[in-house]
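To start, the structure itself, in structure tokens.
The values are calculated or read from the model by the stated rules, or taken from the named source; none is laboratory data. Keep in mind the model is a prediction, meaning the values are calculated, not measured. Here the Cβ positions follow ideal geometry from the backbone for every residue, glycine too, while neighbour counts run over all protein chains shown.
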Amino acid sequence: MDEPVVAFEIGRMLVGDHPALFYLEIVVRTAVIYGYTLALIRWIGGRSVAQLSMVDMLLVIALGSAVGDAMFYPEVPVLAAMAVITVVVGINKGLDTLVERFDRARSLIDGSTIAVVRGGRILNDGLRHRDLSSQEIKGMLRVAGVANLGQVEHAFLEAGGGLSVFRREHPRPGLALVPPDDVRPPPPMTHPPGQPDAHACCTNCGALRLPASVLPDKSCRDCGRSRWTQATLVRDSEPGLID
């Protein structure tokens with residue numbers, strides 16, 4: 001029968017029940033497993049964290065368990081851990097080969113590029129495809145330095161998760177992204193303004209409409225929301241104007 005665990009027992013917490021020589025074994029285990037894993041990673045070709053695909057992320061998770069356990073668990077044989085690491089890396093290499101040779105495999109394994117903004121308007125079909133919200137895309141655009149949807153001609157969510165933004169040479173009126181909605185919501189537009197060239201702008205997707213056709217509370221035909229604000233030029237929504 002196992003002895004009961006004594007809480008906060010310093011010897012058990014810091015040293016454990018292993019003999020002193022086992023710590024030298026840990027050093028050897030760590031060096032062997034680390035060196036072997038590094039060699040395999042070099043073989044499959046390393047990529048930066050920003051370029052990791054879904055398969056690469058799975059590789060990192062699987063290797064984390066196999067490598068870590070073999071370094072300090074005495075009941076895990078080093079050769080068994082090396083076998084697991086070899087199989088995991090081999091599967092990853094095989095999937096990488098499929099991705100390189102076959103477009104269908106690339107789409108199934110890594111996913112595909114999705115258009116999320118076109119002509120200053122957020123595309124809800126693209127958001128549904130990746131299970132994203134318009135607020136998440138707006139945040140990614142702000143990270144890319146975009147202050148107004150009127151600056152954007154196209155934006156694509158890449159298979160690896162990055163956002164590619166292509167700006168207009170001459171910005172048009174659009175939905176202001178700065179400040180964020182949770183910092184200061186866009187002022188609602190409830191009736192047509194006095195300016196004849198003013199446009200109503202959907203606060204969710206940025207679609208532009210003539211004020212008389214949607215105010216005060218008609219739904220946006222692109223996203224179904226019914227909250228409108230006045231479209232602004234980028235100079236009217238620059239970060240420096242937050243007060």
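Can you tell me which residue in the stretch 11-39 is surrounded by the most Cβ atoms within 10 Å (Cβ to Cβ), limited to those that are at pLDDT 80 or above and either touching a Ser or Thr at 6+ places or on another chain (Cβ under 9 Å) or of a type in the set (D, E, K, R) (or both)?
In this case the residue turns out to be Arg29.
Between a residue in the stretch 72-101 that is without any contact (Cβ under 8 Å) to a residue 40 or more places away in the chain and under 18 Å from Arg42 (Cβ atoms) and any residue that is assigned to a helix (DSSP H, G or I) and among the small types (Gly, Ala, Ser), which pairs come within a Cβ distance under 7 Å, given they are 6 or more apart or on different chains?
Val88/Ala62; Val88/Ala66
Could you tell me which residue of the stretch 145-160 is surrounded by the fewest Cβ atoms within 10 Å (Cβ to Cβ), considering only residues that are outside any strand (DSSP E or B), in contact (Cβ under 8 Å) with a residue 24 or more places away in the chain and in contact with a strand residue (DSSP E or B) (Cβ under 9 Å, 6 or more places away or on another chain)?
Checked the stretch 145-160; the qualifying residue surrounded by the fewest Cβ atoms within 10 Å (Cβ to Cβ) is Glu158.
Just for the stretch 53-71: of the residues that are surrounded by 15 or more Cβ atoms within 10 Å (Cβ to Cβ) and without any contact (Cβ under 8 Å) to a residue 40 or more places away in the chain, which one is nearest to Gly35 (Cα to Cα)?
Filtering the stretch 53-71 down to residues surrounded by 15 or more Cβ atoms within 10 Å (Cβ to Cβ) leaves 53, 55-56, 58-59, 62-63, 66-67, 69-71.
Of the ones still in play, those that are also without any contact (Cβ under 8 Å) to a residue 40 or more places away in the chain are 56, 58-59, 62-63, 66-67, 69.
Values: Asp56: 19, Leu58: 20, Leu59: 17, Ala62: 17, Leu63: 13, Ala66: 14, Val67: 11, Asp69: 15 Å.
So the residue we want is Val67.
Keeping to the stretch 228-243, report how many residues are modelled with pLDDT of 85 or more and either more than 18 Å from Gly150 (Cβ to Cβ) or aromatic (Phe, Trp, Tyr) (or both).
Of the residues in that region, 1 qualify.
Sort out which residues of the stretch 183-210 are crowded, with 16+ Cβ neighbours inside 10 Å, at pLDDT 90 or above and not aliphatic (A, V, I, L, M), and write them in order of number.
Correct list: Pro186, His199, Cys201, Cys202, Thr203, Asn204, Cys205, Gly206, Arg209.
Report, ordered by the first and then the second residue, all pairs with beta carbons closer than 7 Å, sequence separation of six or more or different chains, a first member in the stretch 123-134 that is part of a loop (DSSP other than H, G, I, E, B), and a second member that is crowded, with 19+ Cβ neighbours inside 10 Å and at pLDDT 90 or above.
Here the result reads Leu123/Val116; Leu123/Val117, each pair linking the stretch 123-134 to a residue that is crowded, with 19+ Cβ neighbours inside 10 Å and at pLDDT 90 or above.
Just one of Arg142, Arg118, Arg130 is within 22 Å of Val55 (Cα to Cα) and of a type in the set (Lys, Arg); which is it?
One residue alone meets the criteria, Arg130.
Pull up the stretch 181-218, narrow it to residues that are assigned to a loop (DSSP other than H, G, I, E, B) and of a type in the set (Val, Ile, Thr), then point me to the one that is farthest from the chain's Cα centre (by Cα). Please lay out each step first, then the result.
Our first condition is that a residue be assigned to a loop (DSSP other than H, G, I, E, B); within the stretch 181-218, this holds for 181-199, 203-207, 210, 215-218.
Going one step further and asking which of them are of a type in the set (Val, Ile, Thr), we end up with 183, 190, 203.
Details: Val183: 22, Thr190: 36, Thr203: 23 Å.
So the residue we want is Thr190.
What single numbered condition from (1) surrounded by fewer than 17 Cβ atoms within 10 Å (Cβ to Cβ); (2) under 19 Å from the mean Cα position of the chain (by Cα); (3) at pLDDT below 95 fails to hold for Arg142?
Only one criterion is unmet by Arg142, namely (3).
Mind checking whether some residue in the stretch 84-91 is small (Gly, Ala, Ser) and modelled with pLDDT under 85?
No.
Can you tell me how many residues in the stretch 161-180 are in contact (Cβ under 8 Å) with a residue 12 or more places away in the chain, surrounded by fewer than 16 Cβ atoms within 10 Å (Cβ to Cβ) and part of a loop (DSSP other than H, G, I, E, B)?
Result for the stretch 161-180: 3.
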